[in-house]
Amino acid sequence: MTILERIQELARKKDKNLKEISLELGFSKNYLYSLKTQAPSSDKLAKIADYFKVSTDYLLGRTDDKTSLSPKEMTDIGQLADRMLDGLESENSVNFYGEPMSDEDKASLKAALLVALEMNKKRSKKD
């Protein structure tokens with residue numbers, strides 16, 4: 001599937017035509033149609049991806065996962081997991097059967113938190 005075909009599919013799901021979307025994005029009315037013969041600039045590609053809440057990789061055909069997360073979103077998730085773990089540790093409430101968590105247990109808990117937060121973020125991005 002080409003970039004244009006992916007955009008057309010996403011536009012259909014929004015019940016909009018390419019001209020409407022082009023204008024909403026601040027592009028010329030026929031800009032999206034021009035993607036049939038030319039590649040978009042990176043800034044316009046990012047703007048289109050943000051509009052449809054998909055990744056640029058999806059638009060480029062590198063993945064079929066519409067909800068893949070950006071590097072910034074992954075960093076945000078990692079920071080949130082760290083804050084959650086820090087909050088638990090500051091309360092001295094994280095233990096297993098009365099024993100303090102080992103570093104290995106903390107790493108396992110963080111990995112589980114990251115997976116859960118990533119899944120939740122992807123679910124929120126779906127239409």
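The values are calculated or read from the model by the stated rules, or taken from the named source; none is laboratory data. These numbers come from a predicted model, not from an experiment. Neighbour counts are summed over all protein chains in view; Cβ atoms, including those assigned to glycine, are modelled from backbone coordinates with ideal geometry. All accessible areas refer to the heavy atoms of the entire protein, side chains included, with ligands and DNA or RNA removed. Shrake-Rupley method; radii C 1.70, N 1.55, O 1.52, S 1.80 Å.
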Which entries in the list 44/106; 53/106; 19/66; 16/72; 16/121 go over 31 Å, if you measure between the two C-alpha atoms of each?
44/106; 53/106
Amide H contacts of residue 101 (H built 1.01 Å from N, under 5 Å, at least 5 apart or other chain):
96
Read phi for every residue in region 49-57 and hand back ³J(HN,Hα) as whole Hz from Karplus 6.51 cos²θ - 1.76 cosθ + 1.60, θ = phi - 60°, with x for Gly and Pro.
4, 4, 4, 8, 6, 10, 7, 5, 4
Rounded to 10°, Cα long-axis angle of helix 103-125 versus longest principal axis of the chain
30
Put a dot 7 Å past each Cα toward the Cβ at residue 20 and residue 50; how far apart are the dots in nm?
2.2
Which of 31, 51 is most accessible, then next, and so on - probe 1.4 Å:
51, 31
Placed amide H near residue 55: partners under 5 Å, 5+ positions off or other chain
68
Protection proxy ranking of 52-63, 105-116 - average other beta-carbon atoms within 10 Å, highest first:
52-63, 105-116
Whole number in Å², please: accessible area per residue of the chain, 1.4 Å probe, ligands, DNA and RNA not counted.
67
Whole-number D in µm²/s for the chain (Stokes-Einstein; Kirkwood sum over Cα pairs; 10 °C, 1.306 mPa s)
93
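Kindly identify region 1-54 as rounded, prolate or oblate by the Cα gyration tensor criterion: order the square roots of the eigenvalues as a ≥ b ≥ c, call it rounded if a/c is under 1.5, otherwise compare a/b with b/c, prolate if a/b is larger, else oblate. List each step's numbers first, then the result.
On the way: a/c = 1.19, a/b = 1.13, b/c = 1.05.
Cα axes put region 1-54 in the rounded bin.
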